[in-house]
Amino acid sequence: MSALEAVLLTVITASTPLLLAAIGELVTERSGVLNLGVEGMMVMGAVAGFAAAYTTGSAALGVVAAVGAGIAMSLLFAFLTQTLVTNQVATGLALTLFGLGLSGLIGEGFTGLPGVKLTPIHVPGLSDLPLLGPVLFGQDLLVYASLALTALVAWVLSRTRLGLVIRATGGNHHSAHALGYRVIAVRYGCIAFGGLCSGLAGGYLSLAYTPLWIENMSAGRGWIALALVVFSTWAPRRVAVGAYLFGTVWIMGLYVQGIGIGIPSQLLSSLPYLVTIAALVVISGNRLLTKVNTPACIGQTFVPDR
Amino acid sequence: MSETSTDPGYLLEAIGIVKRFGDFTANDEVSLSLRPGTIHALLGENGAGKSTLVKVIYGALQPSGGELRWRGRPVSVANPAAARRLGIGMVFQHFSLFDALTVAENIALALPGAFDREALAARIVEVSQEYGLPLAPDALVADLSVGERQRIEIVRCLLQEPRLLIMDEPTAVLTPQEADQLFVTLRRLAGEGCAVLYISHRLEEVKRLCHHATILRHGRVTANVDPTQETAASLARLMVGADVHEVRTEARESEDAVMLAVSDLTLPAEGPFGVRLHDISLEVRTGEVVAIAGVAGNGQTELFDALSGERLAPAEASVALAGMPCGGQGITARRRLGAAFVPEERLGHSALPSLELSDNVLLTRHASDAEMVHAGFVDRPRTREVSERVVRAFDVRTSHPNPQASALSGGNLQKFVLGRELDRSPRIVVINQPTWGVDAGAAALIRQALIDMARAGAAVLVISQDLDEIFEIADRIAVISRGELSGTHAANSIDREGIGLLMAGAHETGAASGERAP
């Protein structure tokens, strides 16, 4: 395994959970809902995925459990913010704290146990190519799923009626309601999709990235995903670019530390944040795109008049 | 109004509709019957319950009592989608466009079926040309003017091929020619068997267009009349319950000082759908009202922003207020020169919806009224006092002594934001679309206030799309078209047709006659 191949492989595994969580939150925010509970949904996905895979011995069941946990958490958020009309910011923060605490409790008995690793796919011939083989054709299914989901979200949002309704709901919920669209139902759906993606991201952490359970193993990735969505001006392709840029700089920092160049490690660890923010600020300098994509109703509660 | 016939000849019958919001009864036993192929006017002042009634018919609100019948059969219209399935289309006054979406996307949201961008764009262009309502399918709504937005609403409805078309003040933003074109369209639709429910404040228009009229006052039906047999004054009396004050203007002497001067102002377009201002020159003198007519989206917003200082001019001399060149100075500096500005959008631009009226007073007067702020602290008793004075002087009807701006109806808020400026006796008043969407009573009060202001010695510049209004108040008239301003014409030397030609851009080819401005 060449050094370049190793770097590329680690970049992909570092970027995938960010991309998964961010693409889900992007859809949620496009519908006009700000869910700050990404971190909590992610860590619940991680512990549920690990526990299910460890108990049953099946990584696939682990993925299913991770997704289920993410959706369950998001539906709790949806019920509170959409049905009971609570404040989205406070509810999202509470969801994160709740997820971190509950996952610690559930994961108590699983700490330090060997996990079940999601096996990478193997395409005869292609996967055995030098360099390109393992990088392009030797990943686990969740990596491909993250890219496919990004493409799917981009297509649905820009090209389909469903995407149009989601953008309309986020852009002006009064108009959407006046035209007869069910704002709350659309938002429930988009919040659940966000939960699904965050759960998947969490599952990726405990089933593929490092197949074991450690408390707080999401380690702030949910917050990075949230920032990526904003800085990418709610555009799916840019979320992918941002996630991979962040992953790349992060891994490069680790390698530079490993080589032993005399840069303070704190500076190196902060580099991914600085580079990602700088790059995305430059991208989002296009005011027209920002204006078009920013969901005008984000974070606002909506109560239909009857 | 307890007519309960089930005459199958009716397309829609609303029988004894009651709609309550808490203690407030917006519709009290309102009945209305529409036959296919007729144009039926719904008249009433703001707050009379017209919008509530049409929202009930369109399924956007559920009635507290009463019954709707569609072709003689009782129906319950659960939501607007159900209304559209029945064949009811509606052109809204508010709340139905999405700023961040394109024209085509906005229209697609109201149409059933798959979202095929190219095919829809082609249909939009076809229908909008057929009915004389030009629209670019890929333009972003955020970049369009109020008038252009209204066109989207109308085209959106026409694409649904409705059996009943509800129109909430559709002509408020059209040129006379465009309005005539719309009337041709509506008559054609009626000829094809479509019923039209037409809400308007313009009584002359109702007399020309409509076969029947139902008049609402305080949520009740006060009369069902044949508008062709009524006069505008008799209709107004039925609406208001009293005679409407007529705006009076007296002759004035000229030879006064130039208070507002624009010379060779050129500004590039802002954003891909903005309008470029080209070589604009204009003078407004003390004691006169100058009006700028034009169809929405021809540079009115840009011109207003350049006059108010929201956009700065490249040359200091392009804009002069009270003789002082101030092209490069912002809105506060211009206010200090004695100018007052009232923009087109009441909520969000003239006033902050969530702030109380007294705080909204402070927003435009913090710098020009020294006594409102002392050493950085707001003098609240003083702002309250000014706000109460404005409320009294301009007959602003409020449910509470100092409500939030968003609690006022459109007409009342417009009276307030205009009153807030006039209360400080400005020497120059610039106002954009002073009576858009405002009921007849409030509009008359606003127009009279502008004339009184000019007669008291201020220079008043009114940008308006409403030609009736312009002829009522203006001494001189100019027309803006594609970012260029025509010369000014004395109001008595030009007629509606002449202005219509200028609106269509005829001054560029020299087809319109009229003397050049002094």
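The values are calculated or read from the model by the stated rules, or taken from the named source; none is laboratory data. Computed from a predicted structure; not experimentally measured. Methodologically, a virtual Cβ is constructed for each residue, glycine included, from the backbone with ideal geometry; neighbour enumeration extends over all protein chains shown.
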Can you name every residue in region B:118-136 that is among the hydrophobic types (A, V, I, L, M, F, W, C), within 14 Å of chain A (Cβ to nearest Cβ) and free of Cβ contacts under 8 Å to residues at least 12 places away in the same chain?
B:A119
Single residue of region A:135-163 satisfying the filter (assigned to a helix (DSSP H, G or I) and among the β-branched types (V, I, T)) that is nearest to the other protein chains (Cβ to nearest Cβ):
A:V156
Which one of these is modelled with pLDDT of 90 or more and out of contact with any helix residue (DSSP H, G or I) (no Cβ under 7 Å at 6 or more places or on another chain): B:A407, B:A454?
B:A454
Residue check, A:V89 against (1) of a type outside the set (F, W, Y); (2) touching a helix residue (DSSP H, G or I) at 6+ places or on another chain (Cβ under 6 Å); (3) in contact (Cβ under 8 Å) with a residue 24 or more places away in the chain, all met but one. Which one?
(2)
Considering region A:272-295 alone, what residues qualify as being surrounded by 17 or more Cβ atoms within 10 Å (Cβ to Cβ) and modelled with pLDDT of 80 or more?
A:P272, A:V275, A:T294, A:P295
Identify, by number, the condition in (1) touching a Pro at 6+ places or on another chain (Cβ under 6 Å); (2) facing chain A (nearest Cβ under 10 Å); (3) small (G, A, S) that B:A114 doesn't meet.
(1)
Within region B:15-52, restricting to residues that are at pLDDT below 90 and part of a loop (DSSP other than H, G, I, E, B), the one that is surrounded by the most Cβ atoms within 10 Å (Cβ to Cβ) is B:G44
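Take B:A139 and tell me if it is within 14 Å of chain A (Cβ to nearest Cβ) and over 30 Å from B:L11 (Cβ atoms).
In short, yes.
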Say we look at region B:360-398 and pick out the residues that are acidic (D, E) and in a helix (DSSP H, G or I); which of these is nearest to the chain's Cα centre (by Cα)?
B:E388
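Please indicate, with yes or no, whether at least one residue in region A:164-183 is away from chain B (no Cβ under 12 Å), assigned to a helix (DSSP H, G or I) and in contact with a Pro (Cβ under 6 Å, 6 or more places away or on another chain).
no
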If I ask for residues that are within 14 Å of chain A (Cβ to nearest Cβ) and either free of Cβ contacts under 8 Å to residues at least 12 places away in the same chain or of a type in the set (A, V, I, L, M) (or both), which ones from region B:142-164 would you list?
B:A142, B:L144, B:I152, B:L159
Reported set for region B:88-99 where residues are at the interface with chain A (Cβ under 10 Å from one of its Cβ atoms) and surrounded by fewer than 20 Cβ atoms within 10 Å (Cβ to Cβ) is B:H94, B:F95, B:D99
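For the condition basic (K, R), surrounded by fewer than 19 Cβ atoms within 10 Å (Cβ to Cβ) and within 11 Å of chain A (Cβ to nearest Cβ), what is the one hit in B:R73, B:R85?
Testing whether each residue is basic (K, R), surrounded by fewer than 19 Cβ atoms within 10 Å (Cβ to Cβ) and within 11 Å of chain A (Cβ to nearest Cβ) leaves just B:R85.
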State yes or no: is B:T301 in a helix (DSSP H, G or I), closer than 28 Å to B:H489 by Cβ and outside the structural domain of B:P134 (by TED's automatic domain parsing)?
yes
Every pair of residues 6+ apart whose Cβ atoms lie under 6 Å, when the first sits in region A:176-197 and is within 18 Å of B:R85 (Cβ to Cβ) while the second is outside any helix (DSSP H, G or I)
A:H177/A:P304; A:A178/B:A60; A:A178/B:F95; A:A178/B:S96; A:L179/B:L109; A:L179/B:A110; A:G180/B:N79
Flag for B:V295 being outside the structural domain of B:A367 (by TED's automatic domain parsing), in contact with a Cys (Cβ under 8 Å, 6 or more places away or on another chain) and buried (at least 18 other Cβ atoms within 10 Å of the Cβ):
no
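Go through region B:45-70 and count every residue that is in contact with a His (Cβ under 9 Å, 6 or more places away or on another chain) and more than 14 Å from chain A (Cβ to nearest Cβ).
Number of matching residues: 5.
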Only one residue in B:E310, B:E253, B:E230, B:E270 is modelled with pLDDT of 90 or more and of a type outside the set (S, T, Y), so which one is that?
B:E310
Selected residue (only one of B:D28, B:D23 is more than 12 Å from chain A (Cβ to nearest Cβ), in contact with a Lys or Arg (Cβ under 8 Å, 6 or more places away or on another chain) and not small (G, A, S))
B:D28
For A:L142, are the conditions met, namely being touching a Ser or Thr at 6+ places or on another chain (Cβ under 7 Å), surrounded by fewer than 19 Cβ atoms within 10 Å (Cβ to Cβ) and touching a residue at least 40 places away in the same chain (Cβ under 8 Å)?
no
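Quick grid of which residues meet (1) crowded, with 16+ Cβ neighbours inside 10 Å; (2) more than 14 Å from chain A (Cβ to nearest Cβ); (3) touching a Ser or Thr at 6+ places or on another chain (Cβ under 9 Å); (4) touching a residue at least 24 places away in the same chain (Cβ under 8 Å):
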residue: B:M259; (1), (2), (3), (4): yes, yes, yes, yes
residue: B:V262; (1), (2), (3), (4): yes, yes, yes, yes
residue: B:P268; (1), (2), (3), (4): no, yes, no, no
residue: B:L303; (1), (2), (3), (4): yes, yes, no, yes
residue: B:A339; (1), (2), (3), (4): yes, yes, yes, yes
